[in-house]
Ligand SMILES: [Zn+2]
Ligand SMILES: [Zn+2]
């Protein structure tokens, strides 16, 4: 904020599946953890993992010797999960550049284990959502009790544990004052030893064939103007995907999908540019084709194109997709990988037909505010989300997915994510109206 950089160092095996993040401080007057960071860096690259060490995420607070950042915001109340005003928590979730930098880093690294050092409570927090076995093992090694601190709004660990299910982020509360050299050594070794026992959760990317449709300067310009008209966003880039939308192509081949998306022509339904598209198409035999870069917005779902990745499933009916194991498996793998990569919650994997109920739905053009399509209605999308929950490998993740599943019962009350929830939720459209359009591959 005052121009002091937040520096992160990484070391270890760059190809290791296991990824660990250690943060020395977030509160500027709790600096004992810095000694652990120094020790970890001095120990040299660990085997079998890659480790990112961050001395502090609050350099301005450190310089001023105070808890908050230069805006007077407590950064560990500024994260999006269950954020509340009035805790020095900032104007809104992620209002601070420091917390946004953390989000960027976590999204990029996707750590399996994250440790956050604080003071002065002398305990290791059984942080909600973290693997308790891991927390207890760490506590044992450093000779601190493993206890629950209890709920606090907008904290980093809960945000991580919620948005990156199956991963473990927890708080270590050191004693007041400085950490002795021996204690720093003990903590650093505990980090490495305990992290080694963690499960890696990264979903492997499925094989993806690149089959890009033309998306040159002209189409990008059209996309930017579309985003301007419909979302008030002056950009053609997809910068922050929060939603994954499932579509049914109502074609028999992937080629037919490609042929529809490739030309940059106004669509026959809404007569707008750019031409419609989706990021991926999954053929009946399970081959996945990527048609458009994930860095670009695609027109596939009115109201959500600014934040949604679109996936087409080749076929004439949703039941058909569920009846083709290879296609279904490929789809679930692709979505698991995308969710992991962007921290998309199960409830935000939706069918096109559910678009109006998404808390992310926003549309400036009045006549389109209730527009959706009939593909992947709730019946099928819920079934898909259930499979997504059970298809996850790690036990920790299955547990987390179960937690998400419980929210599927009432997915449209789920607009509690305070950060980018927009507008009202209209889940009460008459059936007939939803069924109205059975036009496919057009008019997104
Ligand atoms: Zn603290
Ligand atoms: Zn669709």
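Yes/no per residue for (1) away from ligand 2 (no atom under 16 Å from the Cβ); (2) surrounded by fewer than 19 Cβ atoms within 10 Å (Cβ to Cβ); (3) not in a loop (DSSP other than H, G, I, E, B); (4) not assigned by TED's automatic domain parsing to the domain that holds residue 187:
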residue	(1), (2), (3), (4)
27	yes, no, no, no
36	yes, no, yes, no
51	yes, no, yes, no
72	yes, yes, no, no
76	yes, no, yes, no
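Restricting the search to the range 293-303, which residues are away from ligand 2 (no atom under 16 Å from the Cβ) and either at pLDDT below 95 or not in a strand (DSSP E or B) (or both)?
Pass one, the range 293-303, residues away from ligand 2 (no atom under 16 Å from the Cβ): 293-296.
Scanning the range 293-303 gives 293, 294, 295.
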Return a yes/no flag: does the range 99-111 have any residue that is part of a loop (DSSP other than H, G, I, E, B), touching a helix residue (DSSP H, G or I) at 6+ places or on another chain (Cβ under 7 Å) and free of Cβ contacts under 8 Å to residues at least 40 places away in the same chain. no
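Restricting to helices (runs of 4 or more DSSP H) lying wholly in the range 304-390: which have 2 or more residues that are at pLDDT below 95?
Details: elements: 318-323, 325-342, 378-390.
Of the helices (runs of 4 or more DSSP H) lying wholly inside the range 304-390, those with at least 2 residues that are at pLDDT below 95 span 325-342, 378-390.
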Do we find a residue being away from ligand 1 (no atom under 16 Å from the Cβ), more than 26 Å from residue 42 (Cβ to Cβ), surrounded by 22 or more Cβ atoms within 10 Å (Cβ to Cβ) and not assigned by TED's automatic domain parsing to the domain that holds residue 106 anywhere in the range 181-201? yes
Kindly list the number of the only condition in (1) within 16 Å of ligand 1 (Cβ to nearest atom); (2) within 16 Å of residue 28 (Cβ to Cβ); (3) part of a loop (DSSP other than H, G, I, E, B) that fails for residue 62. (3)
Which of (1) free of Cβ contacts under 8 Å to residues at least 24 places away in the same chain; (2) buried (at least 23 other Cβ atoms within 10 Å of the Cβ) is the odd one out, the single condition residue 96 does not satisfy? (1)
Only residues that are part of a loop (DSSP other than H, G, I, E, B), modelled with pLDDT of 95 or more and more than 14 Å from residue 278 (Cβ to Cβ): list them for the range 209-241, please. 214, 216, 232, 233, 234, 235, 236
Answer with yes or no whether residue 205 is at pLDDT 95 or above, surrounded by 14 or more Cβ atoms within 10 Å (Cβ to Cβ) and in contact with a helix residue (DSSP H, G or I) (Cβ under 8 Å, 6 or more places away or on another chain). no
Working only within the range 246-263, note down all residues that are crowded, with 18+ Cβ neighbours inside 10 Å and in a loop (DSSP other than H, G, I, E, B). 249, 250
For residues that are at pLDDT 95 or above and more than 27 Å from residue 346 (Cα to Cα), scanning just the range 149-176, find the one that is surrounded by the most Cβ atoms within 10 Å (Cβ to Cβ). 172
Output for Cβ contacts, cut-off 6 Å, separation at least six or different chains, first residue in the same structural domain as residue 215 (by TED's automatic domain parsing) and at negative phi in the range 254-272, second buried (at least 18 other Cβ atoms within 10 Å of the Cβ) and assigned to a helix (DSSP H, G or I), reads 264/219
Taking the range 265-288 and keeping residues assigned to a loop (DSSP other than H, G, I, E, B), under 19 Å from residue 309 (Cα atoms) and away from ligand 2 (no atom under 15 Å from the Cβ) leaves 273, 274, 283, 286, 287
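The values are calculated or read from the model by the stated rules, or taken from the named source; none is laboratory data. All of these numbers come straight from a predicted model, not from anything done at the bench. Because the Cβ atoms are built from the backbone with ideal geometry, glycine has one as well, and the counts that use them run over all protein chains shown.
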